[in-house]
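The structure appears below as structure tokens.
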Amino acid sequence: MTTKDEKLYIVMVGLPSQGKSTVAYRLKDIFTKNDIPTRIFNNGQLRRQYARLKDTWAAEFFHPDNAEATELRKRFAIINMNWARKYVNSKGQVAVLDATNVSQERRNLINQCLNDHPILFIECINEDEEIVDMSITLKVRTPEFGGLDEAHAISEFKKRIEYYRMIYSPLAKERNYIRMDSLHNRILEERLTDQLPLYSRIRDCLVTDVVKSLFLIRHTETFFNTEDRIGGDSDLTPKGIEQAHALARFFRNKKISYIFTSEKKRTIQTAAPIRALQNDCTIVPLKEFDEIYSGICEGMSYDEIQRFMPDVYSARKADKYNYSYPRGEGYNSMKERIKIGIKKAFYLNRKPDNIMIIGHRAVNRMILSHFLYRRQEDVPYIYVPQDKFYHIVATQDRKVFELKKYQ
Ligand code: F6P
């Protein structure tokens, strides 16, 4: 190994559902765009191919005392290492080994087998139990668990995590490593002993909130909208249903794997026809995207608020961003939950391409302000129509903000 080495192995480390594959895809994406040939070698994929012959979704397959299965998993790891080695020594520059790799024993084997170029280990850690739980729920809906009752699949998957925990030893001895908080994209600890190619690019990529392609949509017309009423949990009108179908037709040729909505009916009803025209798409309602809660004013029209609660009306008008409805919320007080919602959505949207959020007027303003600089006092006035949607791209080399018609 020379200090001038251009080739690199990246080895992912972490328990299942800690965001390893998402990080691996992000790295591959940024490298590929910069003409750095990169390939991901995923042990799980090999295992799932093998699953045709044997049920490898079962937790027992991952028990450290299951000698036969341990041997098999080691074989998958070695196959991938051999492929990775071949790849970087031919046309490839970076090979990413995507697997749990949580035991010291496994990492020693990797160090032994991949001794021709430097290795950077990246450990992903997400301690937010709620998000890990949601991530597991989405995982068990994949074909690997096909046909299995959801509760049973979740319990098997959780057991699998516990088995991995029994052999888990966090990175400490490796020459080059990064331990990162994969939910907040933060570096927790790093050690760099060798001169690694691409290190600053990798580091930068890990801490950047990349948006490859976000479609930010407001729910379509509701009965409350037609009466200018706020809050509540109104249904779509026939026009709103037609708008949702138009959205579905517009997006039918774009691959949407997940649609993140609020828990309100109007966003889920807007998402339903879109999902129906997709191949394999899941609606994920997140409470963080619920519309601003207007407390004692829920269900009132703006006109009624002005007439019956003039103090509320004028106080809000005076400082719309900082004002909170009595026993309700304001833009400012919503900020934190919206931020959490965005983190959740991006974490759960494992497929790196398009991400779709169907929210509400105030919610979408806050989401937009997360990506687009606006002075606080201007945020509550951002234009969020129901006949158009925002398309946002924010990568290291491309920024797009488009308001587009779907009909
Ligand atoms: O569509 C109406 C609505 O989503 C209400 O539920 C919400 O209170 C309002 O828009 C937010 O907009 P503004 O802050 O301009 O009142």
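Quick one: in the range 209-240, of everything that is modelled with pLDDT under 95 and either of a type in the set (Val, Ile, Thr) or outside any strand (DSSP E or B) (or both), which residue is surrounded by the most Cβ atoms within 10 Å (Cβ to Cβ)?
Filtering the range 209-240 for residues modelled with pLDDT under 95 gives 209-213.
Applying the additional criterion that residues be either of a type in the set (Val, Ile, Thr) or outside any strand (DSSP E or B) (or both) yields 209-211.
On the way: 209: 12, 210: 15, 211: 18.
Only one residue tops the list, namely 211.
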Out of all the residues in the range 211-234, is one or more over 25 Å from residue 293 (Cα atoms) and of a type in the set (Ser, Thr, Tyr)?
yes
Can you name the residue in the range 89-123 that is surrounded by 20 or more Cβ atoms within 10 Å (Cβ to Cβ) and of a type in the set (Gly, Ala, Ser) and is also nearest to residue 64 (Cα to Cα) among such residues?
99
Going through the range 246-264 in order, the residues found to be within 11 Å of the ligand (Cβ to nearest atom) and among the basic types (Lys, Arg) are 264
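Restricted to the range 351-369, and to residues that are buried (at least 17 other Cβ atoms within 10 Å of the Cβ) and more than 16 Å from the ligand (Cβ to nearest atom), which residue is farthest from residue 273 (Cα to Cα)? Show your work before the answer.
Step one: filter the range 351-369 for residues buried (at least 17 other Cβ atoms within 10 Å of the Cβ), giving 352, 354-369.
Retained after the next criterion (residues that are more than 16 Å from the ligand (Cβ to nearest atom)): 352, 354-356.
Values: 352: 23, 354: 17, 355: 16, 356: 14 Å.
That would be 352.
Return yes or no: is residue 280 in contact (Cβ under 8 Å) with a residue 24 or more places away in the chain and more than 16 Å from the ligand (Cβ to nearest atom)? So that I can check it myself, show each step before the final result.
Working: in contact (Cβ under 8 Å) with a residue 24 or more places away in the chain: no; more than 16 Å from the ligand (Cβ to nearest atom): yes.
Spelling it out, it is not the case that residue 280 is in contact (Cβ under 8 Å) with a residue 24 or more places away in the chain and more than 16 Å from the ligand (Cβ to nearest atom).
Give me the residue from the range 222-255 that is polar (S, T, N, Q) and touching a residue at least 24 places away in the same chain (Cβ under 8 Å) and, out of that set, farthest from residue 272 (Cα to Cα). Write out each step before concluding.
Here is the first cut: in the range 222-255, the residues polar (S, T, N, Q) are 222, 225-226, 234, 237, 243, 253.
This time we only want the ones that are touching a residue at least 24 places away in the same chain (Cβ under 8 Å), so: 222, 225, 234, 243.
Details: 222: 15, 225: 19, 234: 16, 243: 12 Å.
Ranking the qualifying residues of the range 222-255, first place goes to 225.
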When you scan the range 384-405, do you find a residue that is of a type in the set (A, V, I, L, M, F, W, C), farther than 15 Å from residue 290 by Cα and within 16 Å of the ligand (Cβ to nearest atom), even just one?
yes
Of (1) under 17 Å from residue 216 (Cβ atoms); (2) more than 15 Å from the ligand (Cβ to nearest atom); (3) of a type outside the set (Phe, Trp, Tyr); (4) at pLDDT 95 or above, residue 243 satisfies every one except (2)
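Filter the range 292-315 down to residues that are of a type in the set (Ser, Thr, Tyr) and touching a residue at least 12 places away in the same chain (Cβ under 8 Å) and give me whichever is nearest to the ligand (Cβ to nearest atom).
The first filter runs over the range 292-315 and keeps only residues of a type in the set (Ser, Thr, Tyr), leaving 293-294, 301-302, 313-314.
Those still in the list that are touching a residue at least 12 places away in the same chain (Cβ under 8 Å) too: 293-294, 301-302.
Numbers: 293: 8, 294: 5, 301: 10, 302: 7 Å.
So the residue we want is 294.
Please work out which residue is nearest to residue 402 (Cα to Cα), limiting yourself to the range 200-236 and to residues that are away from the ligand (no atom under 16 Å from the Cβ) and in contact with a Leu (Cβ under 7 Å, 6 or more places away or on another chain).
First, the residues of the range 200-236 that are away from the ligand (no atom under 16 Å from the Cβ): 200-215.
Then drop every residue that is not in contact with a Leu (Cβ under 7 Å, 6 or more places away or on another chain), which leaves 202, 205.
Numbers: 202: 29, 205: 24 Å.
That would be 205.
Do you know which residues across the range 305-328 are over 19 Å from residue 378 (Cβ atoms) and surrounded by 16 or more Cβ atoms within 10 Å (Cβ to Cβ)?
Initially, the range 305-328 is screened for residues over 19 Å from residue 378 (Cβ atoms), giving 305-314, 325-328.
Passing the criteria: 305, 309, 312, 313, 325, 328.
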Contact list please: Cβ distance under 7 Å, first residue in the range 25-50 and closer than 14 Å to residue 8 by Cβ, second residue of a type in the set (Asp, Glu) and modelled with pLDDT of 95 or more, pairs at least six apart or on different chains.
40/98; 41/98
The conditions are (1) more than 11 Å from the ligand (Cβ to nearest atom); (2) among the polar types (S, T, N, Q); (3) not in a loop (DSSP other than H, G, I, E, B), and residue 267 fails exactly one of them. Which is it?
(1)
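Go through the range 320-344 and count every residue that is out of contact with any Ser or Thr (no Cβ under 8 Å at 6 or more places or on another chain) and either within 12 Å of the ligand (Cβ to nearest atom) or of a type in the set (Phe, Trp, Tyr) (or both). Give the derivation first.
The first filter runs over the range 320-344 and keeps only residues out of contact with any Ser or Thr (no Cβ under 8 Å at 6 or more places or on another chain), leaving 320-323, 326-327, 331, 334-344.
Now drop any that are not either within 12 Å of the ligand (Cβ to nearest atom) or of a type in the set (Phe, Trp, Tyr) (or both), which leaves 320-321, 323, 331, 334.
Summing the residues that are out of contact with any Ser or Thr (no Cβ under 8 Å at 6 or more places or on another chain) and either within 12 Å of the ligand (Cβ to nearest atom) or of a type in the set (Phe, Trp, Tyr) (or both) in the range 320-344 gives 5.
Let's see how each residue does on (1) more than 19 Å from residue 343 (Cβ to Cβ); (2) among the hydroxyl-bearing types (Ser, Thr, Tyr):
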| residue | (1), (2) |
| --- | --- |
| 142 | yes, yes |
| 145 | yes, no |
| 152 | yes, no |
| 162 | yes, no |
| 212 | no, no |
Give the residues of the range 177-205 that are of a type in the set (S, T, N, Q) and in a helix (DSSP H, G or I), sorted by residue number.
200
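Pick out the one residue from 320, 254 that is basic (Lys, Arg), in contact with a Pro (Cβ under 6 Å, 6 or more places away or on another chain) and more than 24 Å from residue 131 (Cα to Cα). Full working, then the answer.
Details: 254 fails: in contact with a Pro (Cβ under 6 Å, 6 or more places away or on another chain).
Just a single option satisfies the conditions, and that option is 320.
The values are calculated or read from the model by the stated rules, or taken from the named source; none is laboratory data. A quick note: this is a predicted structure, and the numbers were derived from the prediction, not measured. No Cβ is skipped: glycine too gets one built from the backbone with ideal geometry, and neighbour counts run over all protein chains shown.
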